[in-house]
Amino acid sequence: MTTRLSPKPDTKKESIIVDVEENTRASDLDNLGLPVSGTPERLKAERKLVRKLDSRLLPTVFVIFIMNYIDRNGITTARLKGMQQDLGISDIQYATVIAVLYASYCPAQIPSNMLLNYLPRPSLYIGLCVILWGLTSALTGVTKNFAGILACRMFIGLPESAFYPGASYLLSRWYTKKELAFRLAILYSGLLISNAFGSLMAAGILANMEGKRGIRAWRWLFFIEGSITILIGFASMWLLPDYPHNTSWISPNERRLALARISEDAGEADQDNAEDSPLKGLRMAISDPLVLIFTIQTVSQLLGLSFVNFFPTLTQTLGFSTTISLLLAAPPWVFASIACCLSAWHADRTGERFFHIAGWWWGVIVGFIIGLSTMKIPGRYVAMFLMASGYAGFAMTLVWVSNAIPRPPAYESYHFAKEFAEPCRIDRKRAAAMGIVNGIGNLGNLIGSYTWKTEWGPEYHQSMAISLAALVFSTILAWVTRQMLIQKNNQLDADENAALKDADRARVEEAARLEGLTFQQAMERRKGYRYLY
C-alpha cells in the first residue's frame, strides 16, 4: 500500500525554524515527559488542565460577552425611555443607527482575526478592545443628535468585532473538538443572558435614575454600562490566557500537555508551514466552497434571528408599561441560555451538528407561525420563548465551521520561541474562515435592522414572514453542508489513505515530537480523523 505524503518543506525554510528552536527553550519542554495518551495518568492530567481553564478562561469570556451585547443593544432599551425623541431622530434614522454598527463590525472581523496571527498576547489585544468599546458606549450618553449617535455606533463596531471570533479562536486553541461545542455554548450563552440581565439592569436604571443630577435616565444607562465594561476590560488582561506555549499562569508541564492534546486531536501539530502566510490562509478560506456555504447560511440565519435588536419593542407590544416590558423580556433569554448549554453538551457527547443547529431554527419558525396567527398575550409570549431559543442553534455555527474546515486550522498556531512568548509561525486558514463566516454573516443583522419596521407593528407580520423564509433557506444550506461532509467521510472510509492527502509533513512531525511517537505512528493516528456533521 502506497502512502502519499506532502513533499518535505524546503531546506532553507526549515533552517529558519531550526535556528529559532536552537535558540529557544523548546528543548526544555522536550525534557518534560508526558504520560502516554489514554492512560489514567494522562487523563487525570488533562482533567486538571481543563478544570483550570474552565475556572478562569470561561468565566472571563462569559462576562465579557454579557457586556458586549449589553453595550451593543443598550440603544434598544434607551429607546423606551425617550432617547429617540430627545435626539430628534425618525424611525428610519433609528433603523440606520442600529444597522451602522454592522457596517464596521462585519468587515473588521476578518483583518482582526488575521491580526491575531502576529500578536503573542491575545489577552492584551482582547482586553484593550473591551476597554475601547466600553469607552465608546459611555460616550453615547453625551450625544445630542443623529450625527453624534451615528458616529458612536460606527466606532463601537470596530473594537467589538475583535471579541466573538477572537474569543472563539482562543478557545479552540485550548480545547479539543469534543470539548469545544460546550465551551463555545457557554461563551455564547453570555450573549443570551445579556438580553435578560441587560433588560433587568436597564429596568432598574431607567426606573430610578430619571433626572438624577439633571441627566435623563437613558443617558445614565450608557454611562453606567460603559463604565462597568471598562473595568472588566482591565481585569481581562490579567485573567485571559495567551497561547499554550506562553501563558504564565500554567506550569511548563501543562503548557506541553496543552500543545500535545491539541496536536493529538488533529493528528498533526496545530501550526503552519514556513511558506504559509496570512494572505495564503485567506485565499485558501475563500476558495473553500464550505466557507462560502457557511457564510451565506449565516447571513440568512441572522436575518431570521434579527428580532434580537428589537426584542424590548416586541415585548412592549404585549401592552404593558416600560418597566414591565423590560422584565418580561428577561425570561425568554434565560430559557434560551439553558437550552444553548444543554444542546451543546449533547452535541459534544454525540458529535452531531446539523440537528443541534437547525432544530432550534425550526422552533423559531413555529414561534413565527404562532405570532402570525394570534395577537393574544399568552400565545405571543410563548412565541417569544421559541424565537429566543433559536440562538441556541447560532451558538453552534462557529463550532461547526471549526470542525468542518480541515487543517491547516484557520486560526493560529505558534511555534515554540524564545521564553515561549515569541510567535514564529501561525496556522492561518481557519482564522480567516471564522472571520469570514462571522464577519460577513453578520450582514444578516444589518439587513434585519430594516426588517422590523415600526409601521409594521404591533403585529409585525411582514417581519416574521421574511424571517421565517430566511430560516427555511438556512436549513437548506445546512443540509447541503451536512451532505458534503458525509461524502467526505465516505471517501475517507473507502480509502484510509485519503486521510493522508492533506497531511502536512511538518505538522505531523511536530505532533510526533510532542507525543513522543515515530512519524509513522503519528500518520497512523491521523487516519482516524473524521468530519463532524
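Could you pull out the residue among SER337, SER343 that is within 24 Å of TRP479 (Cβ to Cβ) and under 22 Å from the mean Cα position of the chain (by Cα)? Write out each step before concluding.
Details: SER337 fails: within 24 Å of TRP479 (Cβ to Cβ).
Result of the check over SER337, SER343: SER343.
Taking LYS178 as the residue in question, decide whether it is basic (Lys, Arg) and in a loop (DSSP other than H, G, I, E, B).
No.
Given the conditions (1) part of a helix (DSSP H, G or I); (2) of a type in the set (Val, Ile, Thr); (3) out of contact with any Asp or Glu (no Cβ under 7 Å at 6 or more places or on another chain), which single one is not true for ILE89?
Failed condition: (1).
Which ones in segment 352-378 are aliphatic (A, V, I, L, M), within 30 Å of PHE320 (Cβ to Cβ) and open to solvent by less than 60 Å² (accessible area, probe 1.4 Å)?
Of everything in segment 352-378, those that are aliphatic (A, V, I, L, M), within 30 Å of PHE320 (Cβ to Cβ) and open to solvent by less than 60 Å² (accessible area, probe 1.4 Å) turn out to be VAL364, ILE365, ILE370.
(1) part of a loop (DSSP other than H, G, I, E, B); (2) buried (at least 18 other Cβ atoms within 10 Å of the Cβ): which one isn't true of LEU206, the others all being true?
Of everything listed in (1) part of a loop (DSSP other than H, G, I, E, B); (2) buried (at least 18 other Cβ atoms within 10 Å of the Cβ), LEU206 misses just condition (1).
Being at negative phi and open to solvent by 40 Å² or more (accessible area, probe 1.4 Å): is that true of SER248 here?
In short, yes.
Select from segment 211-229 the residues that are open to solvent by 10 Å² or more (accessible area, probe 1.4 Å) and either modelled with pLDDT of 85 or more or under 31 Å from the mean Cα position of the chain (by Cα) (or both) and list them in ascending order.
LYS212, ARG213, GLY214, ILE215, ARG216, ARG219, TRP220, PHE223, ILE224, SER227, ILE228
Mind checking which residues of segment 172-208 are of a type in the set (A, V, I, L, M) and closer than 17 Å to LEU342 by Cα?
LEU180, ALA181, LEU184, ALA185, ILE186, LEU187, LEU191, LEU192, ILE193
Filter segment 335-366 down to the residues that are at pLDDT 90 or above, within 25 Å of ARG530 (Cβ to Cβ) and of a type in the set (Gly, Ala, Ser) and list them by number.
Once the filter is applied, which keeps residues that are at pLDDT 90 or above, within 25 Å of ARG530 (Cβ to Cβ) and of a type in the set (Gly, Ala, Ser), segment 335-366 yields ALA358, GLY359.
Is at least one residue of segment 342-351 over 18 Å from THR481 (Cβ atoms), of a type in the set (Phe, Trp, Tyr) and surrounded by 20 or more Cβ atoms within 10 Å (Cβ to Cβ)?
No: segment 342-351 contains no residue that is over 18 Å from THR481 (Cβ atoms), of a type in the set (Phe, Trp, Tyr) and surrounded by 20 or more Cβ atoms within 10 Å (Cβ to Cβ).
Could you go through segment 114-128 and let me know if any residue there is modelled with pLDDT of 85 or more, more than 30 Å from ASN246 (Cβ to Cβ) and among the charged types (D, E, K, R). Step through it out loud before you land on a result.
Step one: list which residues in segment 114-128 are modelled with pLDDT of 85 or more, which gives 121-128.
Next, from what is left, pick out any that are more than 30 Å from ASN246 (Cβ to Cβ): none.
Among the residues of segment 114-128, not one is modelled with pLDDT of 85 or more, more than 30 Å from ASN246 (Cβ to Cβ) and among the charged types (D, E, K, R), which makes the answer no.
Being modelled with pLDDT under 90 and surrounded by fewer than 23 Cβ atoms within 10 Å (Cβ to Cβ) is the requirement here; does THR143 meet it?
When the stated conditions are applied, THR143 does not pass them.
Are any residues in segment 156-184 farther than 20 Å from ILE436 by Cα and not basic (Lys, Arg), and if so, which ones?
Those that are farther than 20 Å from ILE436 by Cα and not basic (Lys, Arg): TRP174, TYR175, THR176, GLU179, PHE182.
What is the one condition in (1) buried (at least 20 other Cβ atoms within 10 Å of the Cβ); (2) among the aliphatic types (A, V, I, L, M); (3) free of Cβ contacts under 8 Å to residues at least 40 places away in the same chain that LEU43 does not satisfy?
(1)
State all residues of segment 426-440 that are buried (at least 24 other Cβ atoms within 10 Å of the Cβ) and either part of a loop (DSSP other than H, G, I, E, B) or modelled with pLDDT of 75 or more (or both); if no residue qualifies, say none. Before you say what the answer is, go through the steps one by one.
Of all residues in segment 426-440, those buried (at least 24 other Cβ atoms within 10 Å of the Cβ) come to 426-439.
Scanning segment 426-440 gives ILE426, ASP427, ARG428, ALA432, ALA433, MET434, GLY435, ILE436, VAL437, ASN438, GLY439.
Check ARG56, ARG51, ARG79 and return the single one that is charged (D, E, K, R), out of contact with any Ser or Thr (no Cβ under 7 Å at 6 or more places or on another chain) and at pLDDT below 85. Lay out the reasoning, then the answer.
Details: ARG56 fails: at pLDDT below 85; ARG51 fails: at pLDDT below 85.
It is ARG79.
Among the numbered conditions (1) in contact (Cβ under 8 Å) with a residue 12 or more places away in the chain; (2) within 17 Å of LYS52 (Cα to Cα), tell me where ILE228 comes up short.
The one condition ILE228 does not meet is (2).
Report, by residue number, each residue of segment 477-493 that is surrounded by 13 or more Cβ atoms within 10 Å (Cβ to Cβ) and either among the hydroxyl-bearing types (Ser, Thr, Tyr) or free of Cβ contacts under 8 Å to residues at least 24 places away in the same chain (or both).
Once the filter is applied, which keeps residues that are surrounded by 13 or more Cβ atoms within 10 Å (Cβ to Cβ) and either among the hydroxyl-bearing types (Ser, Thr, Tyr) or free of Cβ contacts under 8 Å to residues at least 24 places away in the same chain (or both), segment 477-493 yields only THR481.
Tell me whether segment 116-135 contains one or more residues that are of a type in the set (S, T, N, Q), within 25 Å of ILE205 (Cβ to Cβ) and either touching a helix residue (DSSP H, G or I) at 6+ places or on another chain (Cβ under 8 Å) or open to solvent by less than 30 Å² (accessible area, probe 1.4 Å) (or both).
no
Could you run through segment 285-309 and say how many residues are open to solvent by 10 Å² or more (accessible area, probe 1.4 Å) and among the hydrophobic types (A, V, I, L, M, F, W, C)?
Number of matching residues: 6.
From TYR411, TYR391, grab the single residue that is at pLDDT below 75, open to solvent by less than 10 Å² (accessible area, probe 1.4 Å) and touching a helix residue (DSSP H, G or I) at 6+ places or on another chain (Cβ under 8 Å).
TYR411
Against the definition (small (Gly, Ala, Ser), touching a Phe, Trp or Tyr at 6+ places or on another chain (Cβ under 8 Å) and free of Cβ contacts under 8 Å to residues at least 60 places away in the same chain), how does SER55 come out, yes or no?
No, not satisfied.
Just a yes or no: is a residue in segment 87-97 under 30 Å from ASN145 (Cβ atoms), under 24 Å from the mean Cα position of the chain (by Cα) and surrounded by 20 or more Cβ atoms within 10 Å (Cβ to Cβ)?
Taking segment 87-97 and keeping what is under 30 Å from ASN145 (Cβ atoms), we get 87-97.
Narrowing further to those that are under 24 Å from the mean Cα position of the chain (by Cα): 97.
The next check asks that each one be surrounded by 20 or more Cβ atoms within 10 Å (Cβ to Cβ); those that pass are 97.
Yes, segment 87-97 contains at least one residue that is under 30 Å from ASN145 (Cβ atoms), under 24 Å from the mean Cα position of the chain (by Cα) and surrounded by 20 or more Cβ atoms within 10 Å (Cβ to Cβ).
For segment 70-86, give me the residue count where each residue is in contact (Cβ under 8 Å) with a residue 12 or more places away in the chain and open to solvent by 20 Å² or more (accessible area, probe 1.4 Å).
Looking only at that region, the number is 4.
Which residue out of PHE320, PHE307 is modelled with pLDDT under 90 and either of a type in the set (Val, Ile, Thr) or outside any helix (DSSP H, G or I) (or both)?
Just a single option satisfies the conditions, and that option is PHE320.
The values are calculated or read from the model by the stated rules, or taken from the named source; none is laboratory data. Treat the numbers as computed from the prediction; the structure is a model and nothing was measured. All Cβ positions, even for glycine, are placed from backbone atoms using ideal geometry, and neighbour counts span all protein chains on display. All accessible areas refer to the heavy atoms of the entire protein, side chains included, with ligands and DNA or RNA removed. Shrake-Rupley method; radii C 1.70, N 1.55, O 1.52, S 1.80 Å.
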